[in-house]
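Worksheet: one structure, shown below.
The values are calculated or read from the model by the stated rules, or taken from the named source; none is laboratory data. Treat the numbers as computed from the prediction; the structure is a model and nothing was measured. No Cβ is skipped: glycine too gets one built from the backbone with ideal geometry, and neighbour counts run over all protein chains shown.
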Amino acid sequence: MQFTRSRAILCLILLVIAVQVLTRVTGTQFYLTQLTMAAYYALVVIGLTVLMGYAGQISLGHAGFFAIGGYLSAALTTHNLVPYAHSPLVHFLGRIGVLVQGRDIYGEQLLTVTPWAACVLAVVAAAVIALLLGIPVLKLKGHYLAMATLGFGIIIYRIALATDYFGEADGISDVPGFTLLPGIGPVGPLVVNGDFGNRVQNYYIAWGLLIVGMVLLLNLIDSRVGRALRSIHGSEEAAEAAGVDTARCKLQVFVLSAVYAALAGVLLTHYNGGLGPSEASVMKSVRYVALVAVGGMANLWGALVMGVSLTFLSLRGVFGSYDDAVFGAILILVMLFAPDGILGVRPGTLLARLKR
Amino acid sequence: MTADLFFQYLFAGITYGIMYAIVAIGFNIIYNTTGIINFAQGEFVMLGGMIAISLLHVMPLPLAITGAVVLTMLVGALIEILFIRWLDNPSVLRMIIITIGLSILIREAALHIWGESIRSLPYFNGNEITTVTLGPVRVSPQVFWVIGVCGVIVLLLSLFFRMTPLGREMRACAANRRAAVLCGINARNMVTFSFMLSAGIGALAGCVMSPITYTQYDSGTPLAIKGFTVAILGGLGNSMGAVAAGILLGIIEAYSISFVPLAFQDAISITILLVILFVRPHGLFGSGETARLKEF
């Protein structure tokens, strides 16, 4: 088991490198932009897979966590703190070294939070919100859980849409790049941003993060916690009787998946240089659920493959004005004919099911 | 707040609340026979309004509304036959996802048929500025249409479920599906009927509220969420409870405008939904003990 898994990860790494080399050779490097974005979205999808597929808890609000990450990090690194420079809080932030000074294009002085501090704050905020929300919400089941998480997503969407600080309907633009590592000697700095020159670098950052996230989750589901989660999905009462602390397990996975979503939100926002309220919309949440479902619910590899490929096609505009309709149709068709995901379909069983 | 304003808000709240109640009753009918929450319920309301607006070009208003209700009922039946009827014993998660998918497909179809423009039916009596003076408040005659239609729907429904053989068969399926089948009731047909009934009621609601709330391809989802809030608040499956809870939510929303910005109005009803789900998931009027026996 261990052997095949590391081999699969190795194959994925080789594939990622091969794709980059291929785009280089064929001069189609513009594909890397969408592949980078697809990798970040896939990070949300694999996090949600553990929650939905393994622990069996539906969430229709994960775009909310994505947006919490993206919006907080964007707002903190973009809004100028110079007018508040004398307030004790800003003074304190300056003292502990999380503020950065600069000049905007008009030469005005800028004082903003550093991307690293903003990123940590955004992810921690998402985790805390997930924790506070998860304690009551995860007691609910079925329709009630679906509606409650949907409601949470809509509240986040409304807040983003109605708050001046988050740019209302325009969202936030001109988000600076995120310098992960400063340049050392001949090696340049590692920056998450949308510059054409950094395209290859960003492709590897996104895919590196996705692969690390994947390895962590693969290890998680094969661990004691993973077995506990699967027992919850099978029967919560039985899991409880067997001594699994079901409430705690569900909560941990909920927070973990929220952290994945928020991290993806932070990095994608720095990569795109901005985000709008549509990232928090219900349709985005539904789209993540669709990708989990089409990947086979309890199948991390399926979620990764379908998450990346369908998001890539959608970002390339292949589906045109039928984009949302395609994801709606995918949801229905997968749930009707292939509840185990389209990678698990055997033509024979599908025919047998149709004949009945 | 002056007394006049107080009553004015009260009336606005009752009007909106009754619309939410009709949507909630649509949820209840399907939930009672199948145990499914139909996430596409709001789309039936939107379809009713949209079809009536289109039919109005070729026929008078009463006929257009009748046509819209019949066509939406057909859509409801078609949805049940194509997507739900032949699944045996599907899990709740699967049904949630299928009905969400359906709501997206209906919405996208509406977008491609009717475009993004906001439409509405004309006022049934008079026009936008016609008012009836009721003591200190002025209300549009359309409000009486909304209240009247809702009252008739609730009355007819309770008569239907109590008096007619079909209604009793549907209730039998809700109480115990296996026993109903053993009595010779075709349980599958009952589910189809419940979808048609709920689609028809949704469409009728969509028509009477269209002059007040307007109709757009995506106006279904917010209504569905408020309808669901009301259905939970009144106790899932309880139509009288839904009316009371609807009026309550409508009034809370109407008064909330004077305390918080309009943009947060949706957030308020959703917060109420979350609180009620956490504190009393069996609703204000339901009993906790029976709720524990139901499957959500």
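Within the bounds of the range A:51-69, is there any residue that is without any contact (Cβ under 8 Å) to a residue 24 or more places away in the chain and either hydrophobic (A, V, I, L, M, F, W, C) or crowded, with 22+ Cβ neighbours inside 10 Å (or both)?
Scanning the range A:51-69 turns up no residue that is without any contact (Cβ under 8 Å) to a residue 24 or more places away in the chain and either hydrophobic (A, V, I, L, M, F, W, C) or crowded, with 22+ Cβ neighbours inside 10 Å (or both).
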> When the range A:310-332 is examined, which residues are found to be surrounded by fewer than 15 Cβ atoms within 10 Å (Cβ to Cβ) and either assigned to a helix (DSSP H, G or I) or modelled with pLDDT of 90 or more (or both)?
Replying inline: A:Gly320, A:Ser321, A:Tyr322
>> For the range A:177-191, check the following and say yes or no: at least one residue is surrounded by 19 or more Cβ atoms within 10 Å (Cβ to Cβ), modelled with pLDDT under 90 and out of contact with any Asp or Glu (no Cβ under 6 Å at 6 or more places or on another chain).
In response: yes
>> Quick check on A:Glu168: is it closer than 22 Å to A:Lys284 by Cβ and surrounded by fewer than 18 Cβ atoms within 10 Å (Cβ to Cβ)?
In response: yes
> Among the helices (runs of 4 or more DSSP H) contained in the range A:200-301, which hold 1 or more residues that are out of contact with any Ser or Thr (no Cβ under 6 Å at 6 or more places or on another chain), closer than 28 Å to A:Gln20 by Cα and of a type outside the set (Phe, Trp, Tyr)?
Replying inline: A:246-272, A:282-295
> Quick one: how many residues across the range A:84-143 are assigned to a helix (DSSP H, G or I) and either of a type in the set (A, V, I, L, M) or within 14 Å of chain B (Cβ to nearest Cβ) (or both)?
Replying inline: 25
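Please work out if B:Thr99 is within 14 Å of chain A (Cβ to nearest Cβ), out of contact with any His (no Cβ under 7 Å at 6 or more places or on another chain) and at pLDDT 90 or above. Step through it out loud before you land on a result.
Working: within 14 Å of chain A (Cβ to nearest Cβ): yes; out of contact with any His (no Cβ under 7 Å at 6 or more places or on another chain): yes; at pLDDT 90 or above: yes.
It is true that B:Thr99 is within 14 Å of chain A (Cβ to nearest Cβ), out of contact with any His (no Cβ under 7 Å at 6 or more places or on another chain) and at pLDDT 90 or above.
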> Just one of A:Asp245, A:Asp324 is within 19 Å of A:Leu60 (Cα to Cα) and charged (D, E, K, R); which is it?
Replying inline: A:Asp324
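So which of B:Leu111, B:Leu78, B:Leu82, B:Leu105 is in a helix (DSSP H, G or I), among the aliphatic types (A, V, I, L, M), closer than 30 Å to A:Ala290 by Cβ and touching a residue at least 60 places away in the same chain (Cβ under 8 Å)? Write out each step before concluding.
Details: B:Leu78 fails: touching a residue at least 60 places away in the same chain (Cβ under 8 Å); B:Leu82 fails: touching a residue at least 60 places away in the same chain (Cβ under 8 Å); B:Leu105 fails: touching a residue at least 60 places away in the same chain (Cβ under 8 Å).
It is B:Leu111.
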>> Just to check your reading of the model, which residue among B:Gly234, B:Gly246, B:Gly250 is within 27 Å of A:Thr163 (Cβ to Cβ) and touching a Gly at 6+ places or on another chain (Cβ under 6 Å)?
In response: B:Gly250
